[in-house]
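So the structure is just underneath, and the comments pick up after that.
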Amino acid sequence: MNWTEDDIRQLLDRLAEELRQQLHDRGIRDYELVGIYAGGAWVAEALRERLGRTREAGMLDISFYRDDFSRHGLNPRVKPTRLPFDVDGRHLVLVDDVLMSGRTIRAAMNELFDYGRPESIQLVVLFDVGRRELPIRPDLCGEILALEPHKRVELHGPSPLWAELMEQTRQG
Amino acid sequence: MQPDAHLLIRKGRVLDPAAGRDEVADVLVENGRLSRIGASLDAPGAELIDAEGLWVLPGLVDGCIRLSEPGGACTGSIASETRAAAAGGITHLGGLPDTDPVMDNAAVVQLVYEQAEKAGFARILPMGALTHQLEGEHLAEMHTLHQAGCVAFTNAGYPTTDALVLKRCLEYAANFDLPVVFRPQEAALTGNGCAHDGRIATHLGLPGVPVDAETVAVARDLELVQATGVRAHFHQISAAASLRLLRDARERGLPVTADVSIHHLLLNEHALEGFNSLCHIQPPLRHDRDRQALLEAVADGTLDVICSQHTPLGSSARLAPLPETRPGISGLDTLLPLLLHLVERGELPLERALDAVTAAPARCLGRPAGRLEPGHAASLCLVDPEPRRIPGEDWLSAGRNSPWLETELPGVVRLTVCEGKVTWLSD
Amino acid sequence: MTTEPPSSEVQLTPGGRLRHFLAIENLPRSLLTEILDTAAGFVSVGDRSVKNVPLLRGKTSVNLFFEPSTRTRTTFELAAKRLSADVLNMDIAHSATSKGESLLDMLRNLEAMASDLFVVRHADSGAAHFIARHVTPNVAIINAGDGRHAHPTQAMLDMYTIRHYKGGFEGLTVAIVGDVLHSRVARSQINALLTLGAEEVRVIAPRTLLPADVEALGARVFTELEPGLRDADVVMALRLQRERMQSALLPSEGEFYRLYGLNEDRLRHAHPQAIVMHPGPMNRGVEIDSGLADGERSVILHQVTFGIAVRMAVMSMCVSGQESGEV
């Protein structure tokens, strides 16, 4: 199964709309987008455009926070985390492409708290494959998938953005 | 004490470089004496040994070993090390005086003789200290030591920095016609060096011992030999540049002989790569050009003798970073196999190789050994040159500090007879 | 003959990951680049309000300094702490435990305390190799300087600095000035520069401060300063120890400065954009003039900053290499 550029665009359009609505409902006017490198950063950028924001989205590389570091080693292509704003007291929208075990999100939140104490964090993901190992759920999600155990979904980008179903290689 | 041997060794290839002999013959040992070498000998009552396919050699003479007793830096005992010698076909060993207490008095010489006698595996030919306590300041009692049995005098690895003291030592030795053995290494130029001052030392950041540390000493010593007329032997030449000095001296007619360690003929500075402290020796392993020049010098006789440079060390001597390890290789177990290895590689002709571990060292030490001479006490060994073995599997020296433990090498000694006694017998 | 495995084999897992960091020699370019790339990720960590990342939480790093060096020890300590590791400083520089079996006994004791990383500084060349050969398999050794042999993390922070200012190594001419003979830093720098593809590495020193067969290291040798500096893109000074005067290698500091000391005027012979580096601590007015050390061309203070990130990179790579199960 594949998601074409068009499919992804529709998902993103809807997700942006829902996010706008939710922020409105919660009375949040001032907020910052933070994408998790790499897929999450692409999604955050796509949402930024749709929400008509001029401010650059933040980018998190959670390599230094992974709990499986000793098993898999460091990714030598670590991108420096870039948060072009002060985290303290801000409302953050954390964006990732695929939510699986929840470990990446935990690592990302740990890292965010090393930069400061945000007022709130909402989680937005493109796909939720529901293979939860931690009590972490998205506030918004583009599509919920029920995958067979050996499958995973991978987002390709940054341009065009498309996704495909692949054989599971390793836990990540 | 073993009884005197009574043996008829049949149809072995008898190799005796001193006599230029290389023929298949029978060798008869009667009451410990080598009585005859000839075809189809008969000797009722003698134990028959079938030596077909085996070599009958004079007992090997290792010109330079460090003694494990008394005290000193080396591990093991005279018994353990002479047993390793016997198993390696060696019957006579030149022993250095750097024991503890130093062999600068008759009591120590006596002790070494007695311990060797008691063990009964090989004859040790002690070399007395040239200076008191090897300190390079006062003459040792050379005449007394000679009377006690010392065959030569040396300051071993210890420096004789004061040229005047050295000259007096040589004059004194010459006065009684005692041979002096030099171990040429200029202390100031050596410093704390532990590797040849070349490419590998530079890569590994090891303090270097330059070639001139040796040549400066050889040149000075040769001038003093000329001035005093002493008989001189040079231990452990390591550098090609020293050979030119030795050849010059010979041409000038100086009474000079020299030896090299078997390791310097097989290894070069690269052996230290990866901080391999098993190859940490003094003088250091040098450039391969030096190694090749040393081989040529053995072949042409500039270097008379090949020795093991036997230095058995306990395991703790190696448990340190390379510069702090004690230099030295335990060499008795491998002298003959390594020599055969060199011959097998075509790096040395067999006859010269055997001469360099039999007649030549005996001549340098002024001892009637290292030859198959009818009428004298028999010192010989019986070698099977074919089988290969891993030395580490039946190592006998108490020191296992050798880079050769796991290397398959040719030759097994079946029988060793030292001065009429069987000191080693294997199947 | 029994040989020791090449140092690359000691340092890498069969899969080519770092498990000890003992020397630069024989390591592939890809691994050195990986260290620099990983360090780049850590540089930004130093700019945050919370400067720690949890990568080595629960790990213990032991500083084994058999030779005193507060500076180097401090940077390793800071690097370990920024990785959230526990740090143990063993003050052994003056104790008797630096030799033979007692050294191994001490290692056994530290292993029994479940240490994960030993950072070793020792006056003997080969000490870090020796320790790496004798520790249990799950302890990583990082060489913080052994005798005259190697100081690989210093060299890598220098490489980081060069890449930062020059963009890369292709086409670069690097001149190393001073006491090459006694310098573990110079050996590691030369190895690293050549592995990373620098065009030419020069060493500039009087013959008394050059090792035998120095060309074997792959460097071009100059005994005069100005020709050696000509068009160099990077000029690295080495520290001159005062003992060198006592051991008759040099007549005086003054004459050394007159012949080999770096100053603005002499740097005119180098490339106009040349940067000046020094591994510290500097002897101002001996190997380098104060004005130059504090001037525009000097990147010496940045070297210190980058040093922490490079050490964080090496430490985390070694620990993960040890734990990868490939031994």
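Considering only the range C:172-223, state which residues are among the basic types (Lys, Arg), surrounded by fewer than 20 Cβ atoms within 10 Å (Cβ to Cβ) and more than 16 Å from C:Val234 (Cα to Cα). Step through it out loud before you land on a result.
Of the residues in the range C:172-223, the ones among the basic types (Lys, Arg) are C:184, C:187, C:202, C:207, C:220.
So of that shortlist, the ones also surrounded by fewer than 20 Cβ atoms within 10 Å (Cβ to Cβ) come out as C:207, C:220.
Within the range C:172-223, C:Arg207 is the sole residue that qualifies.
If you take the residues in the range C:28-58 that are part of a loop (DSSP other than H, G, I, E, B), touching a helix residue (DSSP H, G or I) at 6+ places or on another chain (Cβ under 9 Å) and surrounded by fewer than 22 Cβ atoms within 10 Å (Cβ to Cβ), which one is nearest to the other protein chains (Cβ to nearest Cβ)?
Only one residue tops the list, namely C:Val50.
Taking only the range A:148-172 into account, find how many residues are among the aliphatic types (A, V, I, L, M), part of a strand (DSSP E or B) and surrounded by 14 or more Cβ atoms within 10 Å (Cβ to Cβ). Before you say what the answer is, go through the steps one by one.
If we filter the range A:148-172 for residues that are among the aliphatic types (A, V, I, L, M), which is where we start, we get A:153, A:155, A:161, A:163, A:165-166.
Now restrict to residues that are part of a strand (DSSP E or B): A:153, A:155, A:163, A:165-166.
Checking the rest, the ones that are also surrounded by 14 or more Cβ atoms within 10 Å (Cβ to Cβ) come to A:153, A:155, A:163, A:165.
Qualifying residue count for the region: 4.
Inside the range B:8-38, can you point out the residues that are among the polar types (S, T, N, Q) and either farther than 14 Å from B:Ala378 by Cβ or assigned to a strand (DSSP E or B) (or both)?
Here is the first cut: in the range B:8-38, the ones among the polar types (S, T, N, Q) are B:31, B:35.
Passing the criteria: only B:Ser35.
Of (1) in contact with a strand residue (DSSP E or B) (Cβ under 6 Å, 6 or more places away or on another chain); (2) within 14 Å of chain B (Cβ to nearest Cβ); (3) surrounded by 24 or more Cβ atoms within 10 Å (Cβ to Cβ), C:Ala132 satisfies all except one. Which?
If we test C:Ala132 against (1) in contact with a strand residue (DSSP E or B) (Cβ under 6 Å, 6 or more places away or on another chain); (2) within 14 Å of chain B (Cβ to nearest Cβ); (3) surrounded by 24 or more Cβ atoms within 10 Å (Cβ to Cβ), just (3) comes out false.
Out of all the residues in the range C:285-314, which are free of Cβ contacts under 8 Å to residues at least 60 places away in the same chain and closer than 26 Å to C:Glu77 by Cβ?
Of everything in the range C:285-314, those that are free of Cβ contacts under 8 Å to residues at least 60 places away in the same chain and closer than 26 Å to C:Glu77 by Cβ turn out to be C:Ala293, C:Ser298, C:Ile300, C:Leu301.
Which residue out of B:Asp259, B:Asp248 is more than 13 Å from chain C (Cβ to nearest Cβ) and surrounded by 23 or more Cβ atoms within 10 Å (Cβ to Cβ)?
B:Asp259
Specify which of the listed residues (C:Leu229, C:Leu210, C:Leu240) is at pLDDT 95 or above and either closer than 17 Å to C:Arg187 by Cβ or within 14 Å of chain B (Cβ to nearest Cβ) (or both).
C:Leu210
Tell me which residues, restricted to the range C:178-209, are part of a loop (DSSP other than H, G, I, E, B) and among the charged types (D, E, K, R).
First, pick out the residues of the range C:178-209 that are part of a loop (DSSP other than H, G, I, E, B): C:178-183, C:196-197, C:199, C:205-206.
Hits for the range C:178-209 are C:Asp179, C:Glu199.
Among the residues of the range B:192-211, is there at least one that is part of a loop (DSSP other than H, G, I, E, B) and more than 30 Å from C:Phe130 (Cβ to Cβ)?
Within the range B:192-211, none of the residues are part of a loop (DSSP other than H, G, I, E, B) and more than 30 Å from C:Phe130 (Cβ to Cβ).
Taking the residues in the range B:177-206 that are surrounded by fewer than 20 Cβ atoms within 10 Å (Cβ to Cβ) and in contact with a strand residue (DSSP E or B) (Cβ under 9 Å, 6 or more places away or on another chain) as candidates, determine which candidate is nearest to the other protein chains (Cβ to nearest Cβ).
Among residues in the range B:177-206 that are surrounded by fewer than 20 Cβ atoms within 10 Å (Cβ to Cβ) and in contact with a strand residue (DSSP E or B) (Cβ under 9 Å, 6 or more places away or on another chain), the one nearest to the other protein chains (Cβ to nearest Cβ) is B:Gly191.
For B:Ala360, all conditions in the list (1) in a strand (DSSP E or B); (2) modelled with pLDDT of 95 or more hold save one; what is the number of the exception?
(1)
Out of the residues in the range B:151-176 meeting the condition of being within 26 Å of the chain's Cα centre (by Cα) and either over 16 Å from B:Ala232 (Cβ atoms) or not assigned by TED's automatic domain parsing to the domain that holds B:Pro126 (or both), tell me which one is surrounded by the fewest Cβ atoms within 10 Å (Cβ to Cβ).
Only one residue tops the list, namely B:Thr161.
With touching an Asp or Glu at 6+ places or on another chain (Cβ under 7 Å) and of a type in the set (Gly, Ala, Ser) as the only criterion, which of B:Ala217, B:Ala227, B:Ala241, B:Ala249 stands out? Full working, then the answer.
Working: B:Ala227 fails: touching an Asp or Glu at 6+ places or on another chain (Cβ under 7 Å); B:Ala241 fails: touching an Asp or Glu at 6+ places or on another chain (Cβ under 7 Å); B:Ala249 fails: touching an Asp or Glu at 6+ places or on another chain (Cβ under 7 Å).
That would be B:Ala217, the only listed residue that is touching an Asp or Glu at 6+ places or on another chain (Cβ under 7 Å) and of a type in the set (Gly, Ala, Ser).
At the interface with chain B (Cβ under 10 Å from one of its Cβ atoms) and assigned to a helix (DSSP H, G or I), is that true of C:Arg148?
no
Can you name the residue in the range C:151-177 that is assigned to a loop (DSSP other than H, G, I, E, B) and in contact with a strand residue (DSSP E or B) (Cβ under 7 Å, 6 or more places away or on another chain) and is also farthest from C:Val314 (Cα to Cα) among such residues? Before you say what the answer is, go through the steps one by one.
Start the filter on the range C:151-177 by keeping residues that are assigned to a loop (DSSP other than H, G, I, E, B), which leaves C:151, C:167-169, C:171-172.
Then drop every residue that is not in contact with a strand residue (DSSP E or B) (Cβ under 7 Å, 6 or more places away or on another chain), which leaves C:151, C:169, C:172.
Working: C:His151: 13, C:Phe169: 20, C:Leu172: 25 Å.
Across the range C:151-177, the extreme among qualifying residues is C:Leu172.
Quick check, is C:Leu18 of a type in the set (A, V, I, L, M), in contact with a Cys (Cβ under 6 Å, 6 or more places away or on another chain) and in the same structural domain as C:Ala313 (by TED's automatic domain parsing)?
Numbers: of a type in the set (A, V, I, L, M): yes; in contact with a Cys (Cβ under 6 Å, 6 or more places away or on another chain): yes; in the same structural domain as C:Ala313 (by TED's automatic domain parsing): yes.
Answer is yes for this residue.
Of everything in the range B:291-312 that's surrounded by fewer than 24 Cβ atoms within 10 Å (Cβ to Cβ) and either among the acidic types (Asp, Glu) or within 18 Å of B:Thr334 (Cβ to Cβ) (or both), which residue is nearest to the other protein chains (Cβ to nearest Cβ)?
B:Arg291
Take the residues in the range A:136-152 that are modelled with pLDDT of 90 or more and over 14 Å from the mean Cα position of the chain (by Cα); name whichever of them is farthest from A:Leu92 (Cα to Cα).
A:Leu145
Please specify each residue of the range C:16-27 satisfying the condition of being part of a strand (DSSP E or B) and either modelled with pLDDT of 95 or more or more than 10 Å from every other protein chain (Cβ to nearest Cβ) (or both). Lay out the reasoning, then the answer.
Start the filter on the range C:16-27 by keeping residues that are part of a strand (DSSP E or B), which leaves C:18, C:21.
Listed by number, the list holds a single entry, C:Phe21.
For the range B:214-235, enumerate the residues that are surrounded by 24 or more Cβ atoms within 10 Å (Cβ to Cβ), farther than 18 Å from B:Glu171 by Cα and not charged (D, E, K, R).
Once the filter is applied, which keeps residues that are surrounded by 24 or more Cβ atoms within 10 Å (Cβ to Cβ), farther than 18 Å from B:Glu171 by Cα and not charged (D, E, K, R), the range B:214-235 yields only B:His235.
Within the range B:262-286, take every residue that is within 20 Å of the chain's Cα centre (by Cα) and farther than 19 Å from B:Asp62 by Cβ and give me the one that is surrounded by the most Cβ atoms within 10 Å (Cβ to Cβ).
The extreme case among them is B:Pro284.
Regarding the range C:61-79, can at least one residue be identified that is within 14 Å of chain B (Cβ to nearest Cβ), surrounded by fewer than 15 Cβ atoms within 10 Å (Cβ to Cβ) and in a helix (DSSP H, G or I)?
no
Answer with yes or no whether C:Val319 is crowded, with 18+ Cβ neighbours inside 10 Å, in contact with a strand residue (DSSP E or B) (Cβ under 9 Å, 6 or more places away or on another chain) and either at pLDDT below 95 or part of a strand (DSSP E or B) (or both).
Yes.
Conditions (1) among the charged types (D, E, K, R); (2) within 14 Å of another protein chain (Cβ to nearest Cβ), marked per residue:
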{"site": "C:Val120", "(1), (2)": "no, yes"}
{"site": "C:Glu170", "(1), (2)": "yes, no"}
{"site": "C:Ala186", "(1), (2)": "no, yes"}
{"site": "C:Ala198", "(1), (2)": "no, no"}
{"site": "C:Val214", "(1), (2)": "no, yes"}
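Can you spot a residue in the range B:61-71 that is outside any helix (DSSP H, G or I), of a type in the set (Asp, Glu) and modelled with pLDDT of 95 or more?
First, pick out the residues of the range B:61-71 that are outside any helix (DSSP H, G or I): B:61-71.
Next, from what is left, pick out any that are of a type in the set (Asp, Glu): B:62, B:69.
Remaining after also requiring modelled with pLDDT of 95 or more: B:62.
Yes: the range B:61-71 contains one or more residues that are outside any helix (DSSP H, G or I), of a type in the set (Asp, Glu) and modelled with pLDDT of 95 or more.
Could you please find all residues in the range B:397-413 being surrounded by 19 or more Cβ atoms within 10 Å (Cβ to Cβ) and either within 27 Å of B:Gly12 (Cα to Cα) or assigned by TED's automatic domain parsing to the domain that holds B:Glu81 (or both)?
Within the range B:397-413, B:Leu409, B:Pro410, B:Gly411, B:Val412, B:Val413 meet the criteria.
The values are calculated or read from the model by the stated rules, or taken from the named source; none is laboratory data. Here the structure is a predicted model, which is why all the values come from computation and not from measurement. Counting neighbours? That spans all protein chains shown, and the Cβs are built from the backbone with ideal geometry, glycine included.
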